[in-house]
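To start, I am sharing the structure in question, which I have written as structure tokens.
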Amino acid sequence: MPEPVISLLQSASLRSGASQGRTPSSSHATPRASSRGLLTLHRLALRMRLRAAALRPQVRRMLDVTLCGLGLLTLAPTFLLAALAIRLTSRGPIFFGQERVGLNGRRFTMWKLRTMVVNADALKDLLQKQHAASGGVRFKMVADPRITKVGRFLRKLSLDELPQLYNVFIGDMTLIGPRPPVYREVALYDSRALRRLEVKPGLTCLWQVRGRSNLSFEQQVELDIEYIDRTTPSDELQILLATVPAVLTGRGAY
């Protein structure tokens, strides 16, 4: 066979082999590229979720300051009327400050409108003996004799809690979270109840919209833990909205 023909056949064979050799590699290139693309998207989504989680406390704090600042200004006339009612019907200060336990056991002064007689703490020791006989951690009486007439009305509508907007504004509390307990109660907590101190205490909480003081202490603890472990931002919005009808109906408030 002439040499030019042999050369042509050899060249054609080499081109055919090269073409066949590229076909398998090119067929595998598309799945690998797709896999790399999915991995990149997954990493991007994870990075965005971590960044959102890191910003969540800052966003929450911004909402606390904004909403409570507006609330303090809007409710100023209500504060004035309540202050006058307290002043005209009983002797003593208008505001009542009490030490409470917050995030990680930090103590702070929580403010309320005074709804009890001046010597309420002295009377509490006598009343608590009767309450302690039942073995309860929380001290709460349906018909507490220390509460004034005006105080009973304020408590029914939770108006006595309004000064805690200031506690939220300065950062001691947040809008939604477990209610801050007194140290006397915390001293009786078991390990499960101590979980309530894992987050910042709130102005309202899950159990306040599901029965308030009608619930047992154990039920309140379980709902607080449910809030800590499973509540999402949308759930918190629902709690905030549900607080309004709970306050207006006064169910479980005393």
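The values are calculated or read from the model by the stated rules, or taken from the named source; none is laboratory data. As the structure is a computational prediction, the values presented were derived from the model and not from experiment. Here the Cβ is made from the backbone with ideal geometry for all residues, glycine too, and neighbour counts use every protein chain on show.
Which condition does residue 103 not pass, out of (1) under 20 Å from residue 162 (Cα atoms); (2) modelled with pLDDT of 95 or more, if it passes all the others?
(1)
Further question: Scan segment 108-122 residue by residue and report those that are surrounded by 14 or more Cβ atoms within 10 Å (Cβ to Cβ) and either part of a strand (DSSP E or B) or not hydrophobic (A, V, I, L, M, F, W, C) (or both).
108, 110, 111, 112, 113, 114, 115, 116
Filter segment 202-235 down to the residues that are charged (D, E, K, R) and more than 17 Å from residue 103 (Cβ to Cβ) and list them by number.
The answer is 210, 212, 218, 222, 226, 230, 235.
Report yes if residue 49 is modelled with pLDDT under 95, more than 26 Å from the chain's Cα centre (by Cα), more than 30 Å from residue 163 (Cβ to Cβ) and not hydroxyl-bearing (Ser, Thr, Tyr), otherwise no.
It is false that residue 49 is modelled with pLDDT under 95, more than 26 Å from the chain's Cα centre (by Cα), more than 30 Å from residue 163 (Cβ to Cβ) and not hydroxyl-bearing (Ser, Thr, Tyr).
Kindly check whether there is at least one residue in segment 153-164 that is modelled with pLDDT under 95, outside any helix (DSSP H, G or I), buried (at least 16 other Cβ atoms within 10 Å of the Cβ) and not aliphatic (A, V, I, L, M).
The answer is yes, given that some residue of segment 153-164 is modelled with pLDDT under 95, outside any helix (DSSP H, G or I), buried (at least 16 other Cβ atoms within 10 Å of the Cβ) and not aliphatic (A, V, I, L, M).
Checking residue 197 against (1) at pLDDT below 95; (2) part of a helix (DSSP H, G or I); (3) of a type outside the set (Val, Ile, Thr); (4) within 16 Å of residue 137 (Cβ to Cβ): exactly one of these is not met. Which one?
Every listed condition holds for residue 197 apart from (1).
Could you tell me whether residue 145 is assigned to a loop (DSSP other than H, G, I, E, B) and surrounded by fewer than 19 Cβ atoms within 10 Å (Cβ to Cβ)?
yes
Would you pick out the residues in segment 167-176 that are touching a residue at least 60 places away in the same chain (Cβ under 8 Å) and buried (at least 17 other Cβ atoms within 10 Å of the Cβ)?
Listed by number, the residues that qualify are 168, 169, 172, 173, 174, 175, 176.
Looking only at segment 177-188, filter to residues that are over 23 Å from residue 209 (Cβ atoms) and surrounded by fewer than 17 Cβ atoms within 10 Å (Cβ to Cβ); which one of those is modelled with the lowest pLDDT?
My answer is 184.
So which of 170, 239, 228 is of a type in the set (Val, Ile, Thr) and more than 22 Å from residue 112 (Cα to Cα)?
On inspection, the qualifying residue turns out to be 228.
Moving on to the next point. So which residues in segment 85-94 are surrounded by 14 or more Cβ atoms within 10 Å (Cβ to Cβ) and at negative phi?
85, 86, 87, 90, 94
Residue-wise test of (1) surrounded by 15 or more Cβ atoms within 10 Å (Cβ to Cβ); (2) in contact with a strand residue (DSSP E or B) (Cβ under 7 Å, 6 or more places away or on another chain); (3) of a type outside the set (A, V, I, L, M).
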| site | (1), (2), (3) |
| --- | --- |
| 210 | yes, no, yes |
| 215 | yes, no, no |
| 220 | yes, no, yes |
| 225 | yes, no, no |
| 231 | yes, no, yes |
| 236 | yes, yes, yes |
| 242 | yes, no, no |
| 249 | no, no, yes |
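Conditions (1) out of contact with any Lys or Arg (no Cβ under 9 Å at 6 or more places or on another chain); (2) under 30 Å from residue 149 (Cβ atoms); (3) touching a residue at least 24 places away in the same chain (Cβ under 8 Å); (4) not in a loop (DSSP other than H, G, I, E, B), marked per residue:
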site	(1), (2), (3), (4)
213	no, yes, yes, yes
225	no, no, yes, yes
234	yes, no, no, yes
240	yes, no, yes, yes
